[in-house]
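We did not get these values from a lab; they are worked out from the coordinates using the rules stated. Computed from a prediction, not measured in an experiment: that's the story for all the values here. Here Cβ is always computed from backbone atoms with ideal geometry, including for glycine, and neighbour counts include all displayed protein chains.
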Amino acid sequence: MYYSLFEIFSIGIGPSSSHTVGPMKAAKRFIDNLIAQNKLSKLEHLHTNLYGSLALTGIGHGTLNAIVYGFMGISAEDINPQKDYIKEVNESGEINIANMHTIAFSMERDITLEKKIYLPEHSNGMKFTAYDEKNNILLEETYFSVGGGTIARQDEIGQRIDRKPYDVPYKFNNCAELMEICRQNKMSIAELVLQNEKAIWGGKIKISKQILKLVSIMQENIDIGISKDGILPGGLKVKRHAKEMYERLLNRFESNDTDSLTAIDWINIWAFAVAEENACGGRMVTAPTMGSAGLIPAVIRYMERYGKFRNDADRQNASITFMATASAICSLYRSNASISGAEVGCQGEIGVACSMAAGGLAAALGGNNQQIENAAEIAMEHNLGLTCDPICGLVQVPCIERNAMGAIKAVNAARLALQRTGAHIVSLDSIIKTMYETGLSLNSDYKETSLAGIAKNAINC
Ligand code: SF4
């Protein structure tokens, strides 16, 4: 299955693609279906049941707010950051559905957290029920947020995708097929992706511009993140560190510090800046999820700063190559494993982001397809078994540090691969299979429930 670069890297609001972007899309789609069936005018009451991981960590992840946005018909790209939509709903006790029909609404009364119930299809389940004034059901649908902001209705869950397959010239289901197509057509992975994107969206220039827009939002988030201090929301009282770390590093330069590992400090700062902005519900690019959204921007900034580019045009081409290659790698994980922390643990989020970044960086720095595969494989190999255990259900601890650690690991994986010929024993396909099997065999407490791991032992929420 081919996933477009623009569905892998999509704009949304933090802090979690599966817990905010997905539920927001599902709630909006449910309302759209109600409208399509001419039932909106009869709507008197709306009830939502959240199951499993969405119920256990939904409050900390902002799921309830996201559902309210979805009911109101707001999409992530249109959100006005200056407006407090939730406060308005809470104060009025009403919600304006799709900006067309107002009903009484209370988040506390109308959203039930079914913390002990896991739906069999997926651990991120949600059911929406619309009633008329006589309490008759107008429409009832169950959705799943399957990772990276993608949703599936109950009847679509096996498909893992909420759209028809794209008609692209180069179709591949696994890395072996991808490599063979590239070999036969004498093209790089990035060239293949750009051809496919052209077939879906048209013009090469338009696609390049849109990719660079995504990169610029990612880079903007670094600059926003290093300009803010204070405490992250959610009650855990986690301090924002990026700004302080940045200022400390600048002071070191002023005092002629000659530390040879400064690049590591920079990468840490950049990853922290974006991950902290994500924790505050900022506008993000999924990469491939929100929880892991700091890793790839940090590696791209590293590439831009430390790659030996002659000029801006070369630098931009390198960013496009990075993004296109990373998206192909993510396509492999989405087709054959998962990018959902609730399904396979943090190896599906930080692990996949690390693998994408390693492959993307190797490509942007001139690596061949074998070296790219090798880099992506090394990066995941050393994230296997990584559990998802956010303290108090907040995408803060250990998530923010994990972005920094993953970014450093991605750079190292790319450097290791680039120092070798590309010949390797463990294929990317076999590591993806291993990651998925490992994820499925993890106890469900370690998959975005905050019932085990660091979430259980570090602090009592
Ligand atoms: S631990 Fe990893 S998978 Fe879990 S919420 Fe944090 S970043 Fe996402």
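Listed values, structure above:
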item: Volume per residue that the Cα convex hull of the chain spans, once the total is divided by residue count, Å³; result: 148
item: Positive-end residue, the stretch 175-457 charge dipole about Cα centroid, Cβ charges, pick of Ile431, Trp270, Leu386; result: Trp270
item: For the chain, Cys with no neighbouring Cys Cβ under 4.7 Å; result: Cys175, Cys182, Cys280, Cys330, Cys354, Cys399
item: Residue order, fewest to most beta carbons within 10 Å, for Cys461, Cys330; result: Cys461, Cys330
item: Ordering of 193-205, 446-458 by burial proxy (mean other Cβ atoms within 10 Å per residue, highest first); result: 446-458, 193-205
item: Total lysine pairs under 29 Å (Cα atoms) in the stretch 190-298, excluding pairs fewer than 8 apart on one chain; result: 10
item: Given charges at beta-carbon only (K, R positive; D, E negative), |dipole| of the stretch 10-159 in Debye; result: 200
item: Principal axis box of the stretch 10-159, alpha-carbon based, largest edge first, Å; result: 37, 33, 27
item: Exposure proxy ranking, count of Cβ atoms within 10 Å, fewest first, for Ser331, Ser4, Ser430; result: Ser430, Ser4, Ser331
item: Computed over the chain: relative contact order in percent, which uses C-alpha pairs under 8 Å that are six or more apart; result: 18
item: Distance from the stretch 132-172 to the stretch 71-94 (C-alpha centre basis), Å; result: 24
item: Built amide H within the under 5 Å cut-off of Gly125, gap 5+; result: Tyr51, Ser53, Leu54, Leu119
item: P(r) histogram, all alpha-carbon pairs of the stretch 268-327 included - 5 Å bins from 0, percent; result: 4, 19, 26, 21, 18, 10, 3, 0
item: Shape of the stretch 151-214, Cα gyration tensor, a/c cut at 1.5; result: oblate
item: Helix-derived mean residue ellipticity, 222 nm - over the chain, DSSP H n ≥ 4, -39500 (n - 2.57), to 500; result: -16000 deg cm²/dmol
item: Ranking of Met100, Met179, Met380 by count of other Cβ atoms within 10 Å, fewest first; result: Met100, Met179, Met380
item: Reach of Lys433 by Cα under 17 Å, taken over aspartates and glutamates that are not fewer than 8 positions away in the same chain; result: Glu177, Glu343, Glu349, Glu373, Glu377, Glu381
item: Taking the stretch 10-159 and dividing mean pair separation by its residue count, relative contact order in percent (alpha carbons under 8 Å, at least six apart); result: 35
item: Rounded D (µm²/s) - the stretch 220-370, Kirkwood Rh over Cα pairs, Stokes-Einstein at 10 °C, 1.306 mPa s; result: 97
item: All lysines inside 24 Å of Lys115 as judged from Cα atoms, apart from same-chain residues fewer than 8 positions distant; result: Lys25, Lys28, Lys127, Lys447, Lys456
item: Whole-Å distance, taken between Cα centres, linking the stretch 175-190 and the stretch 278-313; result: 26
